[in-house]
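*Asks:* Below you'll find the structure I mean.
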Amino acid sequence: MEKEKILQQFQLKFPAVSAEPYGQGHINQTFLAKTSGKERYILQGINKNVFPHPEELMENIVKVTLYLKDMIGKNGGNPERETLTPVPALDGKSYFKDEEGNYWRVYVFIEDAVTLNAADQLSDFYESGIAFGRFQSMLRDFPAETLHWVIPDFHNTAKRFRIFEKTVEQDICGRVEEVKKEIDFICQRREEMSLLDDMLKRGELPLRVTHNDTKLNNVMLDGQSHKALCVIDLDTVMPGLSVHDFGDAIRFGANTAAEDEQDLDKVSLSLKLYEAYKKGFLEGCQGSLTENEIRMLPMGAKMMTLECGMRFLTDYLSGDTYFKVTREKHNVDRCRCQLALVADIERKWKEI
Ligand code: ADP
Ligand code: GN1
Ligand code: MG
């Protein structure tokens, strides 16, 4: 269905005149929609392969953004800019289902803001830490049991390892031989994979409402001041571990190279970026993290990097069906980059 037609199904202030592909996300189809007025919107096609229950996902997002708007207002902030604003469809629903069964949603476009794929300066990364920390602390009293588990076991690393093992065993695309080294690297670290989850089960880490996808390009900074503005990409907001939110941000943002860098000599953990993010995250959390959580932050970084490397490799072995790819062996490049980062985190373990 034409994007302009889809946009007609939403309560926009002015009719849409164009919709162009936008952003760097690996999962959804994102478009920037311009209208005949000054208002712009983000149109997104929800990836049904990744999110089998888009209605539930949208229910979560509506609940969480309403709650955040209330908190932001109470804290003297601007609820229009500091969290996402879903635009209802003509029938009042938070999504539109087209005749092919695809689900679409629209958000108000947040103007005068930037999303970065790499921190231009230390302070950008520090500010993104503030944004994700604040996000977590604002949701401290949110009733977690009212959220749907959009992707169960999303950051259950041990479970993801079992899926990985099975995928290697089945080798449906005949790709195992060329990535033996990477498979060995992952298998050598299997013991650690249940460590954080075991702490959760023993009550040593609290279950919180977390974002679960804390990449730098899932946060918006103010376009002028580059101060923390708004956390976006709320698809995976679910009960989870704070150390995972910390860790995933480090995986992406404290790497001195891009997530899919092919020259592994460029890959390393920047201790400066690590410290800057940690400072921002802890400040944003406003003292809400427990001693155990703070102690396990480095493990969160290592596990999220290892898990993500394993997920990229699983996807490669399954025929690249989950993450968007734009070149051959893209997922292998991404995997190798994550594993090189794990190795560097291990080298710098004492420092962090
Ligand atoms: P994905 O799930 O595919 O990663 P995102 O929700 O992160 O999709 O959106 C992709 C990109 O679109 C973001 O990185 C950001 O640059 C931009 N974006 C998303 N929502 C908004 C918004 N409300 N206002 C402005 N830009 C946005
Ligand atoms: C995906 O949607 P996006 O691009 O922000 C993925 C994350 C991965 C990330 C790797 C729902 O995030 O879990 O860490 O790619 N999101 C989902 O870049 O699987
Ligand atoms: Mg995103």
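The values are calculated or read from the model by the stated rules, or taken from the named source; none is laboratory data. Treat the numbers as computed from the prediction; the structure is a model and nothing was measured. With ideal geometry, Cβ positions are generated from the backbone for all residues, glycine too; neighbour counts draw on all protein chains shown. Heavy atoms of the whole protein, side chains included, go into the accessibility calculation; ligands, DNA and RNA do not. Shrake-Rupley method; radii C 1.70, N 1.55, O 1.52, S 1.80 Å.
*Asks:* Could you please tell me which pairs satisfy a Cβ distance under 8 Å, a separation of 6+ or placement on different chains, a first residue in region 174-195 that is within 13 Å of residue 310 (Cα to Cα), and a second residue that is among the hydroxyl-bearing types (Ser, Thr, Tyr)?
*Replies:* Qualifying pairs under 8 Å: 179/316; 193/157.
For every residue, the table says whether it meets (1) under 25 Å from residue 15 (Cα atoms); (2) in contact with a Lys or Arg (Cβ under 7 Å, 6 or more places away or on another chain); (3) at pLDDT 95 or above.
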| site | (1), (2), (3) |
| --- | --- |
| 46 | yes, yes, yes |
| 61 | yes, no, yes |
| 70 | no, no, yes |
| 77 | no, no, yes |
| 91 | yes, no, yes |
| 97 | yes, no, yes |
| 103 | yes, yes, yes |
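*Asks:* Oh, and also: Evaluate region 69-91: report whether one residue or more is within 16 Å of ligand 3 (Cβ to nearest atom), of a type in the set (A, V, I, L, M, F, W, C) and in contact with a Pro (Cβ under 6 Å, 6 or more places away or on another chain).
*Replies:* no
*Asks:* Go through (1) part of a strand (DSSP E or B); (2) more than 18 Å from residue 235 (Cβ to Cβ) for residue 72 and report which single condition fails.
*Replies:* (1)
*Asks:* A further question on this structure: Tally time: how many residues in region 296-342 are touching a residue at least 60 places away in the same chain (Cβ under 8 Å) and either away from ligand 3 (no atom under 16 Å from the Cβ) or not assigned by TED's automatic domain parsing to the domain that holds residue 274 (or both)?
*Replies:* The number of residues fulfilling the criteria is 27.
*Asks:* Quick one: in region 33-46, of everything that is within 14 Å of ligand 3 (Cβ to nearest atom) and in a strand (DSSP E or B), which residue is surrounded by the fewest Cβ atoms within 10 Å (Cβ to Cβ)?
*Replies:* 45
Condition check ((1) under 21 Å from the mean Cα position of the chain (by Cα); (2) of a type in the set (D, E, K, R)) across all residues:
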residue	(1), (2)
102	no, no
138	yes, no
144	yes, no
149	yes, no
166	no, yes
183	no, no
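*Asks:* Sticking with this structure for a sec: For region 272-295, indicate whether the set of residues that are crowded, with 24+ Cβ neighbours inside 10 Å and within 30 Å of residue 21 (Cβ to Cβ) is non-empty.
*Replies:* The answer is yes, given that some residue of region 272-295 is crowded, with 24+ Cβ neighbours inside 10 Å and within 30 Å of residue 21 (Cβ to Cβ).
*Asks:* Tell me which residues, restricted to region 105-140, are among the hydroxyl-bearing types (Ser, Thr, Tyr) and away from ligand 3 (no atom under 14 Å from the Cβ).
*Replies:* Residues satisfying the conditions are 123, 126, 137.
*Asks:* Out of all the residues in region 179-199, which are in contact with a helix residue (DSSP H, G or I) (Cβ under 8 Å, 6 or more places away or on another chain), open to solvent by less than 80 Å² (accessible area, probe 1.4 Å) and not hydrophobic (A, V, I, L, M, F, W, C)?
*Replies:* 182, 189, 192, 194, 197
*Asks:* Additional query: I need a count of the residues in region 200-240 that are of a type in the set (A, V, I, L, M, F, W, C), open to solvent by 10 Å² or more (accessible area, probe 1.4 Å) and over 18 Å from residue 82 (Cβ atoms).
*Replies:* Qualifying residue count, region 200-240: 2.
*Asks:* Go through (1) open to solvent by less than 50 Å² (accessible area, probe 1.4 Å); (2) at positive phi for residue 174 and report which single condition fails.
*Replies:* (1)
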